[in-house]
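Structure first, then comments.
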Amino acid sequence: MLVSLVPMFDKDLKVSAYSLLAQKDNYLLNPSLTGIERHAMAAKINGVEVLNEMGVETLSPGTDIFLPISKIAIFTDIPGICHVPHDRLVLLLEDINADESYAKRLIELKSMGYRLALKNLPVASYVEHASIIKLIDYIMLDCGDVDVTKAKIFFTKAYPHVKLCVTNITNQEYFDAIKGDKEFLWFEGPFYRVPVTKGQTEVAPLKATYLQLLNVVNDDDFELTDVADIISRDTALTLSFLKMVGATAGAEITSIRHAAAMLGQAELKKWINAVVTKELCADRPSEVMRISLLRAKFAERLATIFEMGMSSQELFLTGLFSVLDLILECPMADALGKIKVSKDIKDALIDHKGKFAKILHFVVEYEAANWQEISRIFILENIEMDDVYEAYIDAIKWYHQLLG
């Protein structure tokens, strides 16, 4: 199983929904999965197992989940298969029929509380499928394939009830140009991962304290007392730290220094790198924090899969700091100049070279659901799909526990 959650934003870059993109098998490793076999797989709803296992509570509160579903799978027992609350789920139709039985099924699903979305419908098919479009709640407009401005005019006149979402946005400039249009509800694309190119900015006082903490724990042999003293300067950080240590140690804590000693150097370093990055993201779009933390844990879990188990902690930091330029609003080289990290980490994040670069590349491509590239890496690295799937699910669970 290959699965990834791709976020959709509102005009303020707040995550409002996710598209769950999944693939049951690696077609490069199994080219025989064509014809009848692939047709049979179309009757399955890929990704349902993942939603059931991780639960919607791992996602931002109030967000919708767009679940791709084929015109064959639409007739399956969706309520019995998928345990996500009906009001959180949007069935994303990948292809549609214009016949009466198909329309009747969609009406039945809407009566259960499900909403419907449609993507990749050719302009020439709009008239033929008018009876189906009337039932649709969301239209996904790929800005790489259609003129979204012209499409907006058509849909607002012919189907004013339909909410329009613009997908495949590749750069911030395009997003900035269309985000003010009230007819466009949500936006999706890799534009939020575009590296920051603006000049270096001043670091706010609180962020300076967090950066100091990161520098201390990333020294080869730091003093626990130094870390404890810096933690004590921030009330929210102190409360979070004491709560975590108390839950882990299960013993009475007499001071912050005592708590640091109970946790130990290795665990303290891991916790601080994750939680401080979370705090640094406090005034950034929430998805930046989510990406940072999920990349960190996913990269750490991939270490043994890529036969780099001895570097798991460095890979954790590589994923964690992969959006540090977005967090600090400066180029990556300047951002990494503010904290102490190894040369291997810098090589991967700045120059996309070195021994950690291939795992970072894998994480980013997986995150974007680029299954063709992921399948190619499976073959080159002799990696098992199930191992990667388990690593990704573990990262999601860890992220949920960290936020809790």
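Ala333 satisfies every condition listed in (1) in a helix (DSSP H, G or I); (2) over 22 Å from the mean Cα position of the chain (by Cα); (3) modelled with pLDDT of 95 or more except (3).
Regarding the stretch 61-79, can at least one residue be identified that is part of a helix (DSSP H, G or I) and among the basic types (Lys, Arg)? No, there is no match, as no residue in the stretch 61-79 is part of a helix (DSSP H, G or I) and among the basic types (Lys, Arg).
Only residues that are within 21 Å of Leu13 (Cα to Cα) and either out of contact with any strand residue (DSSP E or B) (no Cβ under 6 Å at 6 or more places or on another chain) or surrounded by fewer than 19 Cβ atoms within 10 Å (Cβ to Cβ) (or both) were counted across the stretch 153-168, and they come to 2. Determine which single condition Ile379 fails, assuming it passes every other condition in (1) buried (at least 18 other Cβ atoms within 10 Å of the Cβ); (2) of a type in the set (A, V, I, L, M); (3) in contact (Cβ under 8 Å) with a residue 60 or more places away in the chain. Single failed check for Ile379: (1).
Matching residues to (1) hydroxyl-bearing (Ser, Thr, Tyr); (2) touching a residue at least 40 places away in the same chain (Cβ under 8 Å); (3) closer than 29 Å to Val6 by Cβ:
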{"site": "Ala260", "(1), (2), (3)": "no, no, no"}
{"site": "Thr277", "(1), (2), (3)": "yes, yes, yes"}
{"site": "Leu294", "(1), (2), (3)": "no, yes, yes"}
{"site": "Arg301", "(1), (2), (3)": "no, yes, yes"}
{"site": "Ile305", "(1), (2), (3)": "no, yes, yes"}
{"site": "Met308", "(1), (2), (3)": "no, yes, yes"}
{"site": "Leu315", "(1), (2), (3)": "no, yes, yes"}
{"site": "Thr318", "(1), (2), (3)": "yes, yes, yes"}
{"site": "Glu329", "(1), (2), (3)": "no, yes, yes"}
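On inspection, Ala117 qualifies as in the same structural domain as Leu67 (by TED's automatic domain parsing), buried (at least 19 other Cβ atoms within 10 Å of the Cβ) and small (Gly, Ala, Ser). Evaluate the stretch 82-89: report whether one residue or more is assigned to a helix (DSSP H, G or I), within 28 Å of the chain's Cα centre (by Cα) and either exposed (fewer than 13 other Cβ atoms within 10 Å of the Cβ) or of a type outside the set (D, E, K, R) (or both). Scanning the stretch 82-89, I find at least one residue that is assigned to a helix (DSSP H, G or I), within 28 Å of the chain's Cα centre (by Cα) and either exposed (fewer than 13 other Cβ atoms within 10 Å of the Cβ) or of a type outside the set (D, E, K, R) (or both), so the answer is yes. All conditions in (1) of a type in the set (Val, Ile, Thr); (2) surrounded by fewer than 18 Cβ atoms within 10 Å (Cβ to Cβ); (3) not in a helix (DSSP H, G or I) hold for Thr304, with the sole exception of (3). Of all the listed residues (Glu373, Glu365, Glu384), the sole one being surrounded by fewer than 17 Cβ atoms within 10 Å (Cβ to Cβ) and in contact with an Asp or Glu (Cβ under 6 Å, 6 or more places away or on another chain) is Glu373.
The values are calculated or read from the model by the stated rules, or taken from the named source; none is laboratory data. On a predicted model such as this, the values are computed, not experimentally measured, just so you know. Every residue, glycine as well, gets a Cβ built from its backbone with ideal geometry; the counts of neighbours run over all protein chains shown.
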